[in-house]
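The values are calculated or read from the model by the stated rules, or taken from the named source; none is laboratory data. This structure is a prediction, so every number in the text was calculated from the model and none was measured. Here the Cβ positions follow ideal geometry from the backbone for every residue, glycine too, while neighbour counts run over all protein chains shown.
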Amino acid sequence: MSLSRRFVLGGLIAAPAILRAARAAPLPPLPAIAESDAIFALPGSKPYEDALLSYNKRITLRPALRIFPKTARGMAQSIDWLRGNAIPFALRSGGHSYEGFSQSTGAVLDTRLMKDIALDGRTLSVGAGATLGDIYQYLAPRGLAFPGGSCPTVGIGGHLLGGGFGLLARERGLACDTLNGIELVDANARTIRADAHQNADLFWACRGGGGGTFGAATRFDLAVAPIGPMAVYSATWVLTRNEAGRLFAAWHDWAGDAPDAMTGIFRVSKAKSGKIVLHAAGQSTASEALVRRELRALTDASDPDIDLSVRTMSWFGAVKHFAGGWGYESAYSKAKSDYITRKLDRAGIDSFIGGIADLPPGEVIAICDAYGGFIDRIAPEATAFAYRDGTEFCIQYYTSWASAAAGERRMADLRRFYAAMRPWSGGAYVNYCDLDLADWQQAYWRQNLTRLQAIKAKADPDNVFRHAQSVRPG
């Protein structure tokens with residue numbers, strides 16, 4: 001049952017649409033906003049409590065108020081009221097922020113009811129609350145595809161605004177590369193459009209500048225294109241430290257120069273035996289024969305312990321294959337990231353594999369996303385997303401745990417592994433936000449930071465839209 005149906009079936013609609021219950025902090029009088037434009041939920045109400053679940057249990061906040069805009073007008077009216085009453089707020093799309101930037105103790109503007117999708121030719125119009133899974137399910141029967149990430153519960157808003165890597169990226173680009181136009185509510189509570197012809201600087205910033213900075217996105221216009229069958233592949237090795245280093249070097253040499261039709265990841269972790277587990281996976285719009293031929297670069301380097309598998313399936317079949325389930329996950333977690341922008345030397349590879357080898361088994365994984373292809377063909381200054389030409393791959397370091405008591409040790413282990421790679425990286429992916437970063441603005445945006453700061457100063461000089469790592473006015 002969807003959240004919007006629960007509102008109706010629970011008999012909770014009022015005028016204005018306010019769900020009253022005991023609240024943790026006093027609020028000014030709530031605005032008279034029509035039910036058709038927004039729902040206001042206070043602590044203790046079922047919609048409020050149902051929406052409280054967070055991706056990262058390590059950072060869970062209970063806001064004084066949760067607002068569910070349904071329309072751009074409802075979003076604008078809500079922002080006008082929040083701004084006028086100096087109530088801090090956060091913007092929530094899919095709720096997957098690793099550091100909880102989509103949460104607030106003040107108010108949360110939760111877009112999950114703004115999830116309508118419509119197609120006009122090859123342009124997909126998507127409400128800001130749609131998830132990647134919503135988009136994929138809509139496109140699949142129409143024979144069309146969108147190059148987003150593999151997790152279906154991630155929201156389109158934060159994902160696209162920060163770049164948006166997925167398993168079609170080397171052929172079709174990042175999610176932000178498909179953006180034709182964006183509707184958003186600005187710092188003056190006006191609904192505006194940004195595209196290549198109007199508010200062009202803002203449009204540039206919305207393609208990689210990160211969420212929660214330049215306005216509240218309410219709608220995206222995305223370019224989509226036909227898709228055929230996919231060749232999905234995987235292979236797994238369990239190797240000694242030295243053997244793992246040689247295989248990782250082979251993947252590193254191969255991945256960035258693979259055909260554009262292939263996008264792959266390489267996952268590295270430690271087994272209970274103490275050996276290193278390396279897993280290559282990905283997909284291709286090319287033939288199985290080409291995929292098998294390309295992957296000889298890996299299988300010739302070392303025989304897999306789980307043999308290479310290459311299977312042809314529909315694009316949506318591949319989406320489901322890599323989704324890992326369609327339910328919203330919630331756990332204690334910590335993530336960090338690196339961009340490798342030049343070939344790692346032997347010492348760099350030894351540091352990477354050695355970092356995994358020195359950790360407790362099964363607790364930390366490193367996921368390497370291969371860049372190149374279409375991503376490289378767009379100049380680093382053409383969009384706010386800076387990691388294009390010359391970027392070899394992105395590393396995500398990730399750990400999750402079930403009990404809060406394990407957190408400090410897990411995070412210390414992750415940070416130690418990450419620290420070992422400092423001589424070979426200084427960058428980070430804004431969608432893998434990380435509060436440990438000292439110079440986070442430079443790490444996320446490199447040469448594009450100065451322009452982003454200038455756009456922020458013009459669009460939102462009072463910093464109405466902000467979180468701990470949003471772009472600061474220049």
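Numerical summary
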{"quantity": "Exclusive hit being farther than 19 Å from Arg342 by Cβ and surrounded by 14 or more Cβ atoms within 10 Å (Cβ to Cβ), set Ala443, Ala457, Ala428", "calculated": "Ala457"}
{"quantity": "Residue that is farthest from the chain's Cα centre (by Cα) [pool: residues in the range 114-156 that are more than 22 Å from Gly317 (Cα to Cα) and among the hydroxyl-bearing types (Ser, Thr, Tyr)]", "calculated": "Thr123"}
{"quantity": "Of all residues making up the range 64-101, the number that are in contact with a Leu (Cβ under 9 Å, 6 or more places away or on another chain), assigned to a loop (DSSP other than H, G, I, E, B) and not aromatic (Phe, Trp, Tyr)", "calculated": "10"}
{"quantity": "Count of residues meeting criterion [within 23 Å of Pro259 (Cβ to Cβ), aromatic (Phe, Trp, Tyr) and part of a helix (DSSP H, G or I)] in the range 352-381", "calculated": "1"}
{"quantity": "Test set (1) at pLDDT 95 or above; (2) aliphatic (A, V, I, L, M); (3) under 23 Å from the mean Cα position of the chain (by Cα) - Ala402 fails condition number", "calculated": "(1)"}
{"quantity": "Test result for Gly245, touching a residue at least 60 places away in the same chain (Cβ under 8 Å) and either touching a Pro at 6+ places or on another chain (Cβ under 8 Å) or in a loop (DSSP other than H, G, I, E, B) (or both)", "calculated": "no"}
{"quantity": "Filter result (over 29 Å from the mean Cα position of the chain (by Cα) and either hydroxyl-bearing (Ser, Thr, Tyr) or surrounded by fewer than 18 Cβ atoms within 10 Å (Cβ to Cβ) (or both)) within the range 259-283", "calculated": "Lys272, Ser273, Gly274"}
{"quantity": "Ile349, sole failed condition from (1) over 30 Å from Asp50 (Cβ atoms); (2) in contact (Cβ under 8 Å) with a residue 40 or more places away in the chain; (3) under 23 Å from the mean Cα position of the chain (by Cα); (4) not in a strand (DSSP E or B)", "calculated": "(3)"}
{"quantity": "Filter result (in contact with a Phe, Trp or Tyr (Cβ under 7 Å, 6 or more places away or on another chain), hydroxyl-bearing (Ser, Thr, Tyr) and under 21 Å from Phe248 (Cα atoms)) within the range 393-421", "calculated": "Tyr397, Tyr418"}
{"quantity": "Top-ranked residue in the range 422-459 [being touching a strand residue (DSSP E or B) at 6+ places or on another chain (Cβ under 6 Å) and not in a helix (DSSP H, G or I); ranked as farthest from Phe101 (Cα to Cα)]", "calculated": "Ser425"}
{"quantity": "Single condition Cys206 does not satisfy, out of (1) surrounded by fewer than 18 Cβ atoms within 10 Å (Cβ to Cβ); (2) within 21 Å of Pro69 (Cα to Cα)", "calculated": "(1)"}
{"quantity": "Of residues in the range 284-335 being under 18 Å from Asp257 (Cα atoms) and among the hydrophobic types (A, V, I, L, M, F, W, C), the one surrounded by the fewest Cβ atoms within 10 Å (Cβ to Cβ)", "calculated": "Ala289"}
{"quantity": "Residue in the range 315-336 that is among the β-branched types (Val, Ile, Thr) and part of a loop (DSSP other than H, G, I, E, B) present", "calculated": "no"}
{"quantity": "Any hit, the range 288-309, residues being at pLDDT 95 or above, within 19 Å of the chain's Cα centre (by Cα) and not in a helix (DSSP H, G or I)", "calculated": "no"}
{"quantity": "Single residue of Ala196, Ala90 found to be over 17 Å from the mean Cα position of the chain (by Cα) and either surrounded by 23 or more Cβ atoms within 10 Å (Cβ to Cβ) or among the aliphatic types (A, V, I, L, M) (or both)", "calculated": "Ala196"}
{"quantity": "Which listed residue, of Ile395, Ile365, Ile375, Ile356, is over 20 Å from the mean Cα position of the chain (by Cα) and surrounded by 17 or more Cβ atoms within 10 Å (Cβ to Cβ)", "calculated": "Ile356"}
{"quantity": "Enumeration of residues in the range 172-193 that are in a loop (DSSP other than H, G, I, E, B) and either over 19 Å from the mean Cα position of the chain (by Cα) or more than 27 Å from Ala255 (Cβ to Cβ) (or both)", "calculated": "Asp186, Ala187, Asn188, Ala189, Arg190"}
{"quantity": "The range 93-125, subset in contact (Cβ under 8 Å) with a residue 40 or more places away in the chain and over 25 Å from Asn56 (Cβ atoms), residue surrounded by the fewest Cβ atoms within 10 Å (Cβ to Cβ)", "calculated": "Arg122"}
{"quantity": "Condition met for Leu344 (among the aliphatic types (A, V, I, L, M), assigned to a loop (DSSP other than H, G, I, E, B) and under 29 Å from Ala405 (Cα atoms))", "calculated": "no"}
{"quantity": "Unmet criterion (only one of (1) buried (at least 21 other Cβ atoms within 10 Å of the Cβ); (2) over 16 Å from the mean Cα position of the chain (by Cα); (3) assigned to a loop (DSSP other than H, G, I, E, B)) for Ala384", "calculated": "(2)"}
{"quantity": "Residue match in the range 213-236 (condition: buried (at least 18 other Cβ atoms within 10 Å of the Cβ), hydroxyl-bearing (Ser, Thr, Tyr) and within 30 Å of Thr111 (Cα to Cα))", "calculated": "yes"}
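Okay, residues lined up against (1) without any contact (Cβ under 8 Å) to a residue 40 or more places away in the chain; (2) small (Gly, Ala, Ser):
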position: Gly362; (1), (2): no, yes
position: Tyr371; (1), (2): no, no
position: Ala384; (1), (2): no, yes
position: Asp389; (1), (2): yes, no
position: Arg416; (1), (2): no, no
position: Ala420; (1), (2): no, yes
position: Asp436; (1), (2): no, no
position: Ala457; (1), (2): yes, yes
position: Pro473; (1), (2): yes, no
